[in-house]
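Okay, structure first, notes after.
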Amino acid sequence: MAVLNFDIKSVNLPSNEEGKAVFLTGSIDASTNQTFEKRLTDILSSGTTSVMLVLTNVKYINSTGLGTIVKCVDTFREKGGDIKLVGVPTKVIALFEMLGLLALFETHDTIESAVASFGKKKDAKAAAAPTVKFPLQLKHPVTGLGLNVSQPGRFKDPRSGDYFSVDPAGTIEFYEMSKVRMAELKIPAHTDFAAAVAPLASSLCAACKLPGSVAEAMGDALARAGSLLNGKAADANETCNVLIVADQDKLQVGIVSYGSALALRGDDSVLRELAGLVTEAKHQVLPTRGNLLILVKMAH
């Protein structure tokens, strides 16, 4: 069973109010999630609305844990406070990026930076006036049930439990964490990459009832990505973290390299080649360190 340890310290904020720095060690998953949420709820109930979650020593977060973080951030913001993330490990940043969650959180490298941010005003972009007319009516993309939104922000659909955001331009994004299946592994960059990753990706496809063609196309892309890794990894001991995420609409594989294996240019021909095998192939330098290659294959 996974373990999650807490070390909670009081912090003096620029407003002279008290905040809490919550240092976490371990994993946030099905076995620890309830305790995790209760600790944050207790902090809020005690009157503290400003929290820093220090994730430096968090080794794993599953979809349940991610959904709880989204939920708690929203709850604290509704009370006029916020939860800010500190020291987020590179592979967790990569997972946030793959799930489209990175924009929902404010992340910092240090406690000092997070503390100082509580004294700053919200930026102009966040406070921008809506460019579409609110209230806005929309439909849940899966259930088809109607939703009414009075203003831009982040919300929870009470019927499905899914979270979604609406920006001032009326762009809507859903975060159906309950339907996400995830897996991760760490493998040498010089291994037979496709042979190691493709069976696990195929298994998640089956769990999410994705067509077999999705797994097949991703298998071809993984074989090409493996050739790339083998060719560019300068160190015989270089390893990669692989994150596999699936839901009812798509399969994603994210490859995180801290060495030379994914040191690509934005116009590298291999990205165009990979994009021809799947729906999308994108590369980015992560804000912490390392490179991330994301392969996406849509079901339709």
**Report entry** Check on Lys71, surrounded by fewer than 14 Cβ atoms within 10 Å (Cβ to Cβ) and either β-branched (Val, Ile, Thr) or not assigned by TED's automatic domain parsing to the domain that holds Val285 (or both)
**Finding:** no
Requested in this report: Could you tell me which of the residues Val58, Val73, Val54 is closer than 20 Å to Ser15 by Cβ and either of a type in the set (A, V, I, L, M) or touching a Cys at 6+ places or on another chain (Cβ under 6 Å) (or both)?
Outcome: Val73
Query - Hey, Ala281 over 15 Å from the mean Cα position of the chain (by Cα), of a type outside the set (D, E, K, R) and farther than 24 Å from Gly100 by Cβ or not - result: no
Report task. Go through segment 27-68 and count every residue that is among the small types (Gly, Ala, Ser), closer than 23 Å to Val180 by Cα and either at pLDDT 95 or above or in the same structural domain as Glu184 (by TED's automatic domain parsing) (or both). Result -> 0
Query raised in the report: When segment 248-270 is examined, which residues are found to be closer than 21 Å to Lys297 by Cβ, in contact (Cβ under 8 Å) with a residue 60 or more places away in the chain and among the aliphatic types (A, V, I, L, M)?
Result: Val256
Requested in this report: Inspect segment 224-234 for any residue being under 20 Å from Lys91 (Cα atoms), surrounded by fewer than 17 Cβ atoms within 10 Å (Cβ to Cβ) and not assigned by TED's automatic domain parsing to the domain that holds Thr56 and give the result as yes or no.
Outcome: no
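Identify, from the list Val278, Val245, Val285, the residue that is within 30 Å of His108 (Cβ to Cβ), in contact (Cβ under 8 Å) with a residue 60 or more places away in the chain and either out of contact with any strand residue (DSSP E or B) (no Cβ under 8 Å at 6 or more places or on another chain) or not assigned by TED's automatic domain parsing to the domain that holds Leu85 (or both).
Numbers: Val278 fails: within 30 Å of His108 (Cβ to Cβ); Val285 fails: in contact (Cβ under 8 Å) with a residue 60 or more places away in the chain.
Going through Val278, Val245, Val285 in turn, the sole match is Val245.
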Requested in this report: Within segment 199-242, track down each residue that is assigned to a loop (DSSP other than H, G, I, E, B) and of a type in the set (Asp, Glu).
Outcome: Asp235, Glu238
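The values are calculated or read from the model by the stated rules, or taken from the named source; none is laboratory data. Small disclaimer: the values here were computed from a predicted structure and weren't measured. Please note: Cβ atoms are built from the backbone with ideal geometry, for glycine as well, and neighbour counts cover all protein chains shown.
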